[in-house]
Amino acid sequence: MKNFNIKIGALAVVMTLGIFTSCQQEEDIFITDNEASLKEESKPLERQGSDCQTNLLNFVYPNVFSDKNSGISNVVDDRSCSYDYGQSGNFGVYQLNSANTNGSLQTRIERTTGTIGYSNGASLTVSGTVKILNSGIKNMSSSPYPPSDMRDENGTYIAQVKGKHTGGGGSPDPAIMLFIAKPARYNRGSVNNGGAVWIDSSGFPGMYHIYAELINKRGGSGTNGRRLIYITSVYRDVEFSFNVTSRFTSNNNHYIDYNINGSSNSHKISRQSVNGNLANPTDTKIRMGAYRCKGGYADIRWKNNLWTNKRKNM
């Protein structure tokens, strides 16, 4: 966020989890929502424009006249440092600068839905329209890994489904499926190509591949803990549809369904945890905006038709 004199409280104890792998660093290392809410209640939220921080929850009211993405929440978790939440036409603008990454903690600017607890038939949905102008490109001329490889550090998450579980293992606020936009490379028709980023006639990266990053086990991270599943490809600055549902069924089963740019799939979340215990889901929520930028800039835009059935108010 841009420098100013206001700081929001979600003061957090950053948890030391030992030695991280590069992909484990993608996890949120901060206090849980319940702990954060206690801190937020003790200090009123302020307007956007506080000091730069990437390791603390930082809920603020957007400094805009008419918030176009308030269908998800009336506040923004702003750890973007260089930017505030902005708007352009009918779109909310979420921008990141890779210079703001703080060691293992990734810069981000996101909104979150409310949280729903486990019960048979309970579900949480986010739907809207997105367009991508930039997505954190670290390697322009070539990449040591194809975009389908978990070790590839290019791209920016546009949304993530969170889901806590019993039995321990992993982050205290674990992501179970994330949606990441990665720049297309020559040959742009190949999603497994690690060559130079394809630049269109306007001089910008012309296409992005959208992947689902799915845990293999509850609490999973890194190359062994998650896998990438190709969903679709979209052109730069062109609108596409986004619909994700996190739902619970009987016998502690948890599913994530998505339809993105017309491509649909459904995935059952593993009930095994990384520590070997059988895990039961306890709750879920969805965050959207922009998260992770290991190179260059990110610019993700969400239209004013953004909707959820469980809005978060603070």
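The values are calculated or read from the model by the stated rules, or taken from the named source; none is laboratory data. Here the structure is a predicted model, which is why all the values come from computation and not from measurement. Here the Cβ positions follow ideal geometry from the backbone for every residue, glycine too, while neighbour counts run over all protein chains shown.
Data table
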{"read-out": "Options Ile269, Ile256; residue that is out of contact with any Cys (no Cβ under 9 Å at 6 or more places or on another chain) and under 30 Å from Arg185 (Cα atoms)", "value": "Ile256"}
{"read-out": "Candidate set: the range 102-123, residues that are more than 16 Å from the chain's Cα centre (by Cα) and part of a strand (DSSP E or B); chosen: the one modelled with the lowest pLDDT", "value": "Asn102"}
{"read-out": "Residue satisfying all of: in the range 116-153; touching a His at 6+ places or on another chain (Cβ under 9 Å) and not small (Gly, Ala, Ser); surrounded by the most Cβ atoms within 10 Å (Cβ to Cβ) among these", "value": "Pro147"}
{"read-out": "The range 275-291 residues that are assigned to a strand (DSSP E or B), paired with ones that are among the aromatic types (Phe, Trp, Tyr) and at pLDDT 95 or above (beta carbon under 6 Å, 6 or more apart)", "value": "Pro281/Tyr118; Thr282/Tyr118; Gly289/Tyr94; Ala290/Tyr94; Tyr291/Tyr157"}
{"read-out": "In the range 58-80, residue modelled with the highest pLDDT [restricted to those that are assigned to a strand (DSSP E or B) and of a type in the set (Val, Ile, Thr)]", "value": "Val76"}
{"read-out": "Scan of the range 193-230 for residues that are farther than 30 Å from His165 by Cβ, part of a strand (DSSP E or B) and touching a residue at least 40 places away in the same chain (Cβ under 8 Å), ordered by number", "value": "Val197, Pro205, Tyr208"}
{"read-out": "Only one of Tyr83, Tyr94 that is crowded, with 18+ Cβ neighbours inside 10 Å, touching a residue at least 40 places away in the same chain (Cβ under 8 Å) and either assigned to a loop (DSSP other than H, G, I, E, B) or touching a helix residue (DSSP H, G or I) at 6+ places or on another chain (Cβ under 6 Å) (or both)", "value": "Tyr83"}
{"read-out": "Number of the exception - Leu228 against (1) surrounded by fewer than 15 Cβ atoms within 10 Å (Cβ to Cβ); (2) within 19 Å of the chain's Cα centre (by Cα)", "value": "(1)"}
{"read-out": "Residue selected from the range 241-262 under the condition assigned to a strand (DSSP E or B) and free of Cβ contacts under 8 Å to residues at least 40 places away in the same chain, by the criterion farthest from Ile72 (Cα to Cα)", "value": "Asn253"}
{"read-out": "Residues satisfying the stated conditions in the range 121-136, i.e. out of contact with any helix residue (DSSP H, G or I) (no Cβ under 9 Å at 6 or more places or on another chain) and of a type outside the set (A, V, I, L, M, F, W, C)", "value": "Gly121, Ser123, Thr125, Ser127, Gly128, Thr129, Lys131, Asn134, Ser135"}
{"read-out": "Meets criteria (assigned to a strand (DSSP E or B), modelled with pLDDT of 95 or more, farther than 23 Å from Gly262 by Cβ and not charged (D, E, K, R)) for Gln160", "value": "no"}
{"read-out": "Which numbered condition His267 misses (of (1) touching a residue at least 60 places away in the same chain (Cβ under 8 Å); (2) closer than 21 Å to Glu110 by Cβ)", "value": "(2)"}
{"read-out": "Residue that is nearest to Asp283 (Cα to Cα) [pool: residues in the range 207-232 that are at pLDDT below 95 and of a type in the set (Gly, Ala, Ser)]", "value": "Gly219"}
{"read-out": "Conditions (1) surrounded by 21 or more Cβ atoms within 10 Å (Cβ to Cβ); (2) of a type in the set (Ser, Thr, Tyr); (3) in contact with a strand residue (DSSP E or B) (Cβ under 7 Å, 6 or more places away or on another chain); number of the one not met by Ser270", "value": "(1)"}
{"read-out": "The range 171-193 - residue that is at pLDDT 70 or above and small (Gly, Ala, Ser) and, of those, surrounded by the fewest Cβ atoms within 10 Å (Cβ to Cβ)", "value": "Ser171"}
{"read-out": "Counted residues, the range 256-314 - those being β-branched (Val, Ile, Thr), under 23 Å from Tyr118 (Cα atoms) and at pLDDT 95 or above", "value": "6"}
